[in-house]
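Remarks on the structure that follows.
Where a number appears in this text, it was derived from the coordinates with a stated rule and is not lab data. Quick caveat, the model's predicted, so the values are computed rather than measured. Note that we place each Cβ from the backbone using ideal geometry, even for glycine, and neighbour counts take in every protein chain shown.
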Amino acid sequence: MKIRLPLALVAVAALLAGAGLQILHSPAAVAASAGVEDEGANCAVPALPDAGSLPTNAKLPDPFKKLDGTRMANKSEWTCRREEIKRLAEKFVYGEKPAKPQSVTGTVSRTSITVNVSNAGKSASFSAAVDVPSGTGPFPAVFVLGGFGADTAAIKAAGAAVITYDPYAVGKEGTPRTNKQGAFYSVYGANSSTGLLMAWAWGVSRLIDVIEQSGGSVLRGDATGVTGCSRFGKGAFVIGAFDQRIQLTMPIESGSAGVPIFRGIPGEGAQSLSSAYGEQPWLGDAFGTFTGSPARLPVDTHEMVAMVAPRGLFIMDNPHIVNLGPKSASVAALGGAEVYKALGAGDSITYWSDIQDGNHCANRPEWRTPLQQNIQRYLLKSGSAAGSFHVSSKASGNLAEWRDWTTPSLGGGSASPTPSASASPSASASPSPSASPSSGGPAGGCTATVSLNQWNGGFVATVRVTAGSTQINGWTVSTTLSPTLTITNVWNAARSGSSFSNVQYNGTVPAGQYTEFGFQGTGTATGLTGTCSAR
């Protein structure tokens, strides 16, 4: 989507400004941690399919289904499954992100970071401005693409430094695909098939390399975040997905080529894929063959959301501008959240589109508290607030319409990076969860357990349907849903009044296993229970 940066920067000169955030100090001096950019780099990945052999699939690809055709059974398999998704995304969507160059050097100070890279006889340099809060450090830091993302004053007030990253120094807009410009293309060639978004991601990774090498006197290499709005929201999303050292990813109103599922964009009426592909070389060259047939893609953005798991992810969206694809973005978030939940990190993802102001990249008072809480939890390591799903009724996508796969119950230990109070996203920045189990019949039937999270004026209910001693092939959950409540969104179930039934893909539940559905509404749902009956 096109934006006029000077006007947009004025409009968001203080995105989330005036939040009045409590000043928190980072932990006592710690050395920069040598993280891992790609934990699955050494995985044995099967041969990727050729573009010409890809089948058409209108549903979202199963994030749990490996390239060999089997499905994940344990959380430990996620490292290599994520690597498969990564390589598919590189081949068909963004272009390749090269590994760390042969030489990366630079400096870190309280005002700037310099980067010098060389690889195969070619070299490039670029820099980024640093603005630290009061104190001696070392500080966690947030990369703000183009100075255009979550409010820098709010970030500093929370105790984190701001790194103003100029993506255009690494991958310049306004260039043809055959003559791309910037530091990335100086090293890998002006005709590289890698798009700008991945080039921008490569640049941030090299900045983190230098931070890690600096000894940790100013900035912490183990506590970095990234944010950006509009085209820079697209960049922030890709940066966080493709570097596992990023602890907190915060894309804002990213639009087509960002968070929204590619398969949903044509039907929603968002900026078309051909327009996004042609406006700037954001996406990799290979994506050009899919602009009119996204259903042929072997990946979609719900899997890029999943690539961030189990790290912190705070997606901010605008339901008032259809061109941004907010409905498709909510589907991507809901789909990716299924991987978060399966890994035991369901409370590490937040999606928030329930906002009043419809101006693009405007100040959002609704985001102030979750912004503070995410910085506290993932960068300062001083908080534990659970993630939140606040999906606007104006642009509420239905995941059930887009998937024909179920979420497995994975074995192994939790993959959550921080202690959490919940295994699934809550419905408020300050949730008050409660669980209300109810019996649904004999041992061979099913039971329903309601986990309720509410805030002033609204709630989300997550209902777990568990099979008894024998497999069930269909289920219905009757709830004590008050007629005074208004249901605004339902996922993974069909609703009839106060009853909810399975949809096509989640009716069969093996003995002792479970599936989940949920719904969001307004009003007070205290005491909500459910009774399950099996077919």
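Here is the link list: 59/394; 91/122; 122/381; 65/180; 156/234; 100/234. Which ones come out longer than 30 Å on Cα distance?
On the way: 59/394 23 Å; 91/122 24 Å; 122/381 39 Å; 65/180 35 Å; 156/234 23 Å; 100/234 22 Å.
Checking Cα-Cα distances, 122/381; 65/180 exceed 30 Å.
Most exposed first by the Cβ proxy, i.e. fewest other Cβ within 10 Å, how do 487, 265, 252 rank? Let's see the in-between values first.
Working: 487 16, 265 25, 252 29.
With the sparsest Cβ surroundings first, the list reads 487, 265, 252.
For the chain, what is the calculated [θ] at 222 nm in deg cm²/dmol (nearest 500), taking -39500 (n - 2.57) for each run of four or more DSSP H residues and dividing by its residue count? Don't skip to the end; give the middle numbers.
Details: 11 runs with 108 residues, N = 535.
Counting only the DSSP helices, I get -6000 deg cm²/dmol.
How much length, in nm to one decimal, is gained on full extension between residue 513 and residue 42, taken as 0.36 nm per residue of separation minus their Cα-Cα distance?
Length gained between residue 513 and residue 42: 166.3 nm.
Can you order the peptides 128-135, 489-496, 163-170, 39-46 by their average number of other Cβ atoms within 10 Å per residue, highest first?
Details: 128-135: 16.8, 489-496: 18.2, 163-170: 22.6, 39-46: 12.9.
In decreasing order of mean packing, 128-135, 489-496, 163-170, 39-46 become 163-170, 489-496, 128-135, 39-46.
With a 10 Å radius around each residue's Cβ, average the other Cβ atoms per peptide and rank 341-350, 198-207, highest first. Working shown, then result.
Numbers: 341-350: 25.0, 198-207: 26.8.
With the highest mean Cβ count within 10 Å placed first, the list reads 198-207, 341-350.
For the chain, give the magnitude of the charge dipole about the Cα centre (Cβ charges: +1 Lys/Arg, -1 Asp/Glu; no others), in debye to the nearest 20. Write out the running numbers ahead of the final one.
Numbers: 39 positive and 34 negative charges, 7 e Å.
Using Cβ point charges on Lys, Arg, Asp and Glu, the chain gives about 40 debye.
How much length, in nm to one decimal, is gained on full extension between residue 136 and residue 394, taken as 0.36 nm per residue of separation minus their Cα-Cα distance?
Values: separation 258, 0.36 × 258 = 92.88 nm, distance 4.56 nm.
Gain in length upon complete extension: 88.3 nm.
List the Cys residues of the chain that have no partner Cys with a C-beta closer than 4.7 Å.
none
Ranked by Cβ crowding within 10 angstrom, fewest neighbours first, how are 390, 320 ordered? Mind dumping the intermediate values first?
Values: 390 22, 320 18.
With the fewest neighbours first, 390, 320 line up as 320, 390.
Put a dot 7 Å past each Cα toward the Cβ at residue 71 and residue 274; how far apart are the dots in nm?
3.7 nm
In nm, to one decimal, how far is the residue 289 label point from the residue 190 one, both placed 7 Å along Cα→Cβ?
Modelled inter-label distance: 2.7 nm.
Mind jotting down the distance between the C-alpha centroids of the stretch 377-398 and the stretch 71-131, whole Å?
26 Å
Aspartates and glutamates near residue 341 by alpha-carbon distance under 12 Å, same-chain residues fewer than 8 away left out - which ones?
Correct list for residue 341: 516.
I'd like the orientation of helix 326-342 relative to the chain: the angle between its Cα long axis and the longest Cα principal axis, in ° from 0 to 90, rounded to 10.
Between the helix axis and the principal axis of the chain, the angle is about 80 degrees.
Quick one: which of 518-531, 370-383 comes out on top by average Cβ neighbours within 10 Å, and what's the full order, highest first?
Details: 518-531: 18.6, 370-383: 22.5.
Top of the packing list down: 370-383, 518-531.
Rounded, prolate or oblate: which fits the stretch 54-210, taking a ≥ b ≥ c as square roots of the Cα gyration tensor eigenvalues, rounded meaning a/c under 1.5, else prolate when a/b beats b/c? Provide the component values of the computation, followed by the final result.
Working: a/c = 2.03, a/b = 1.38, b/c = 1.47.
It is oblate, given that a/c is not under 1.5 and a/b is not larger than b/c.
Rg over Rh of the stretch 5-401, using C-alpha atoms and the Kirkwood radius, what does it come to?
Using Cα coordinates only, the ratio equals 0.94.
Less than 15 Å Cβ to Cβ from residue 401, Lys/Arg counted +1 and Asp/Glu -1: what total charge do the surrounding residues give? Spell out each step's value before the answer.
Working: positive: 59, 263, 327, 403, 495; negative: 268, 300, 338, 404.
After counting each charged neighbour, the total is +1.
Can you grab the distance from the C-alpha centre of the stretch 176-221 to the C-alpha centre of the stretch 134-155, Å, no decimals?
Each part's Cα centre sits 19 Å from the other's.
Suppose the chain between residue 119 and residue 99 were pulled fully straight at 0.36 nm per residue; how much longer would it get relative to their current alpha carbon spacing? Please report the intermediate quantities before stating the final value.
On the way: separation 20, 0.36 × 20 = 7.20 nm, distance 1.05 nm.
In short, 6.2 nm is gained.
By the gyration tensor of its Cα atoms, with a ≥ b ≥ c the square roots of the eigenvalues, what is the shape of the stretch 296-370: rounded for a/c under 1.5, prolate for a/b over b/c, or oblate?
Values: a/c = 2.93, a/b = 1.39, b/c = 2.11.
Oblate shape, in that a/c is at least 1.5 and b/c is the bigger or equal ratio.
Ranking 231, 220 by Cβ neighbours within 10 Å, fewest first, what do you get? Present the calculation step by step, with values, prior to reporting the outcome.
Numbers: 231 30, 220 26.
Ranking 231, 220 by Cβ neighbours within 10 Å, fewest first, gives 220, 231.
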